[in-house]
1. Quickly run through segment C:18-52 and pick out the residues that are part of a helix (DSSP H, G or I), touching a residue at least 12 places away in the same chain (Cβ under 8 Å) and more than 18 Å from residue C:102 (Cα to Cα).
2. Could you list, in sequence order, all residues of segment B:162-175 that are surrounded by fewer than 24 Cβ atoms within 10 Å (Cβ to Cβ) and either in contact with a helix residue (DSSP H, G or I) (Cβ under 8 Å, 6 or more places away or on another chain) or outside any loop (DSSP other than H, G, I, E, B) (or both)?
3. Just one of A:224, A:198 is within 15 Å of the chain's Cα centre (by Cα) and closer than 30 Å to residue C:169 by Cα; which is it?
4. Within segment B:178-193, is there a residue that is over 14 Å from the mean Cα position of the chain (by Cα), in contact (Cβ under 8 Å) with a residue 24 or more places away in the chain and more than 21 Å from residue C:187 (Cα to Cα)?
5. Do we have any residue at all in segment A:112-127 that's more than 7 Å from every other protein chain (Cβ to nearest Cβ), without any contact (Cβ under 8 Å) to a residue 40 or more places away in the chain and farther than 20 Å from residue B:230 by Cβ?
6. Return yes when residue B:143 is on the phi > 0 side of the Ramachandran plot and within 10 Å of chain C (Cβ to nearest Cβ) and no when it is not.
7. When you look at residue B:212, is it touching a residue at least 12 places away in the same chain (Cβ under 8 Å), within 23 Å of residue A:116 (Cα to Cα), surrounded by fewer than 23 Cβ atoms within 10 Å (Cβ to Cβ) and under 17 Å from the mean Cα position of the chain (by Cα), yes or no?
C-alpha cells in the first residue's frame, strides 16, 4: 500500500477569533472544518497549522514533510514572513501541491508563484454565486454536476490578475452581474497549484458538501507527481555526452565558478 | 504617425570593464552593441542604462516612460536592489514589454515574473549552438531561416525551471549533446515577456545579424498592447450592474474596508 | 506604406433571406453590416462572400489571396463542402487569420481547426448578456471598457467543447444564470484564430459599436504574422548540418520514398 | 479494488510482414512488443488490434470499451477509414486516452485531434538520438533519468506542425544537428493525448526498457479522468436557473429546433 498523502491545512485564523458571526460558523476555525472534511479519505493524513503557531505553523522540517498545502488568509497576509513565503514557493517548485483558497489569491506565497498582481474586483453583499464546471473531464470536477449553487457569497470579479491558467475548471456567475475564473490550475516547477475562489468567512461555504468535494479532488490532483529538477548544474566539458574539444575563452574555472 | 516605442537596454556592465577579452568584443559594453543594432529602426527610440548609473539606471519616472526593457545581467544579479526588481515586475504587469537576455534567466526581475527557479544546466566550452525555429509563423522568427548557427556558444541545458511558455519560438541544439528552450514567450498581466538564451559575453554573439534581428523582432512583439487592469476595486452593492439586495453579515464597511 | 490587409467576411446568408424579422435587422445580410463596419479602417480592404456564390464564395485563388477570413454560419453548416472546410483549415495553418462568429462555433472549418466537439448549451430568450473583459491588456480588448452590455442575446453556456484557449479575452454573463467563454484566441500552425460568441441573428448585435470594435480588433490581431512552415521535408544524410555517417538499415530510398 | 484500465495497442502491422529486417526486430509485430511490456502492470488489461482485423481492429463496441488507445502507423495511414478516424477522435473527446507513437504523428486520428498539419522534417540515417527530460516533475517522466540515449534512430526535426503542447515532457537532440519536441501532452475534450516520437521500425526502440517505461507512464497518465461533457443541450427559458421572462423574437421553437 502506498504511503498516505501528507496534507496540511494552513489558516491565518484571525476572523474566527475576533468576529462572533464568523466564530459561530467556524467555532474551531475554518481550517478545522476543511480538515474534518478531508480526514475520512483513507489516502490522506491531514493536519492543520495556523499563523499564531511557532514558526507561523510551518517550520522547515514540517514543510519538507508536506505533500499538499492548503492556504487560507485574508486579514493578515502581511503578517506572514517573507521567509515563509519564499520557503513555500520553493517547496512548490520542488513538487509540493498548493491549494490557495478564496482570499488566498492575495497571499504572499500565491503571488510569488504567479508573478502577477493577483488582484480582482469584489463586493460583499451575500449575493448568489453559481460555480460552473467548464471542464467536466477534469479530475477536480469529479462528482460535481453542472454547477454548484451558493445562496450567499462574496463577489469576486474580473479582471483577475493571474497568468493564463494551464487548465480552467470552474467559472463563477454572480447575481450582481459579474463573472470570475474561480477554479484555475497551474504547474510551477514540479508542483501543482489550484486556486478555488469560494470561501468567504461570513458564510458557511466550507460546510457545503460539493465545496468539500472540490477541495478533496484538488488535494488528490495536486499530489506530487515526479521528481524535482536537479539544477543548477555545471556540466564540465569532459563530461559532455558528446565528445567536445574546448574552444575559445572561458569566464569560468574548471569547477564552474565565475571569475571576473 | 504613431509615437515611437521607447526602448531601454539595461546591462549590468561588469565583465566588459573587468575582463580584457570581453572588453575586446564589447568595448563600450554589450548594451551599446544591442542598442546600436536597434537604433536604425525608425519606430524606436533606444537608450541604455547600466547598474552603476544613479538608481541603478531605472529611476521610477524613467521606468514609467519605458515601453520595452531589455535586461542583461550575469555577475551582479544580487547587486540589483529588491526595490528595482519589484518595480520592473510591476511595470511589466502594467504593460511594459520585457526581453530577458542570456544569463538574465537568473535575474531578479525575471525570476519574480516567472515564480519558478529559472535554473538550468550549463557549460562554457565554446561549442557550436544551433538555434532552431520551431514556430516559423511567430513574429519573433520573422526574417530568420530554419536556424541560426553560432560557432561558439555557452551551453544552456534542460531542465529549464520555467513555467510552460505561452509560445515556444526557438529551441537550441548543442554540440555537446544538449537541447534548450532558448526562445520563450509569456504574457504576465498586460505585459509581454520574451526570453532569448544566446549571448554569452565571451563570444561576439550580439554582433551576429540574425541575433540582432531576433532582438528587434522581440522588441516589436513586446510593445504594449492594451490597457492595464484597473484592480483591485471595490464594487459597492448599490453600484452592481444587476439590482442587488444586500443579504447576510458583512465584514467590510460601506467603503470596502475590512474590519475585524 | 504597407499593403492593405485583405479581409473577407463570409456568411451563409440564409435567415436574412427567409425570416422577415432577421431581414429587418440585416436587410443586406449580416455580412454587409460587418463589412461596412470594417471598411472605414484604412489598413483593410474588405469583401464579402456568401454560401450561394460560385464555389461557395471561396474559390482557391480567392482564399489564397485572403489574409483574414470571418465566418458566420448557423442553419447551413452541412451545406458547406468538406473540400472548402479543408481548404480553409489548410489556409489558416499556412498563416491566414480566422475569426469565427457566434454559431460559427459549429461550422466545419472551426471544428476541423479545434479537433473537439465545439458543442455548448444554449437558450434563445432575448435575455441580457454582459461580455466581460478578462484580459484588458489584450489587443482585441482595445477600446472596450469593463464589459459590453447586450440587452437581448441568445444564451451560450458551458461546458464549451474547445481546447484550452491560448488566451482568454472575454467571458460572458447571462441573465438566466450561465457563463460562457465567448472570446477565445488560438494559434494553429502559422494562423491565428479568434472565436467571438455574440451575434444571434434575431437581435441587432452586429450594429453595436463595441461589438464592431471587437471584430475590428480581432481582424487586426489575426493578420498573418510570419512565414508558413516548409514541411514535410526530407533531409538527406549528406545534407545534415553535422557530419553524419549513415548506419543501420533503411526503409527509405535516397530520395526519401518509403519502400516496403 | 479498482477496475483495470482497458488498453488497446493498435498497429498497422505492415512493415513487420513485408520487410525481413523489421520482422527480425519485431517478429510478432511491434504491437506485441509494446503490449508485452505493458502486460505485467497489474492495473492494466492489454490487448492488441491491427489494421487487417475486422473493422480495422476497432469496431464501435470495442472502442467504447477502451480506456487508453495506443496508435502506431506509417505506411498505411490512408488505408484507415475516415469513419474509424472520426470514431477515435470522438472517443477521445469523450474521455479515452490516446497515445500516438512515432509516425503516428501523421495518422488520421491524430491529425483530426490536432487540427494542424502535424508535419515535420525527417532523415533515416541510423544516427544517435538523445531524448531529454525537460519536465522531471511530470508523471510521464517518472523513473527516467536526465535523458534516454538511442544509438540508432530516425531523425524527426522541427518545425513540428502541432498546436502548442499543454505540457512538454521531452525534447530530442539528434547527432545530425536537429532538435524535436518528441514528447508532448494535450487535453482535448475529456481525453488526454500524448505523442512520443521515438519508434522507427528499423531499430529495436520498443525493446528499450526506458522507452517502455515512458509508454507505461503515458498510459497511466492518459487514463480517463472525469466525465464527458453532456452537450449540446437546449435549456428552455422556463428551466433557466434564474427566473427569466422571454423577450424578443425567436428562431427556435419550444423544443429548441431551428426554423427558418
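The values are calculated or read from the model by the stated rules, or taken from the named source; none is laboratory data. Just so it is clear, the model here is predicted, and its values are computed rather than measured. Note: ideal-geometry Cβ built from the backbone for every residue, glycine included; neighbour counts use all protein chains shown.
1. Of everything in segment C:18-52, just one residue is part of a helix (DSSP H, G or I), touching a residue at least 12 places away in the same chain (Cβ under 8 Å) and more than 18 Å from residue C:102 (Cα to Cα), namely C:21.
2. B:162, B:163, B:167, B:168 - these are the residues of segment B:162-175 that are surrounded by fewer than 24 Cβ atoms within 10 Å (Cβ to Cβ) and either in contact with a helix residue (DSSP H, G or I) (Cβ under 8 Å, 6 or more places away or on another chain) or outside any loop (DSSP other than H, G, I, E, B) (or both).
3. Among A:224, A:198, only A:198 is within 15 Å of the chain's Cα centre (by Cα) and closer than 30 Å to residue C:169 by Cα.
4. The answer is yes, given that some residue of segment B:178-193 is over 14 Å from the mean Cα position of the chain (by Cα), in contact (Cβ under 8 Å) with a residue 24 or more places away in the chain and more than 21 Å from residue C:187 (Cα to Cα).
5. no
6. Yes, satisfied.
7. No; evaluated as a whole, the condition is false for this residue.
Residue-by-condition table, conditions (1) assigned to a loop (DSSP other than H, G, I, E, B); (2) within 12 Å of chain B (Cβ to nearest Cβ); (3) surrounded by fewer than 21 Cβ atoms within 10 Å (Cβ to Cβ); (4) out of contact with any strand residue (DSSP E or B) (no Cβ under 7 Å at 6 or more places or on another chain):
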site: C:177; (1), (2), (3), (4): yes, yes, no, no
site: C:182; (1), (2), (3), (4): no, no, no, no
site: C:199; (1), (2), (3), (4): yes, no, no, no
site: C:220; (1), (2), (3), (4): no, yes, yes, yes
site: C:226; (1), (2), (3), (4): yes, yes, yes, yes
site: C:241; (1), (2), (3), (4): yes, yes, yes, no
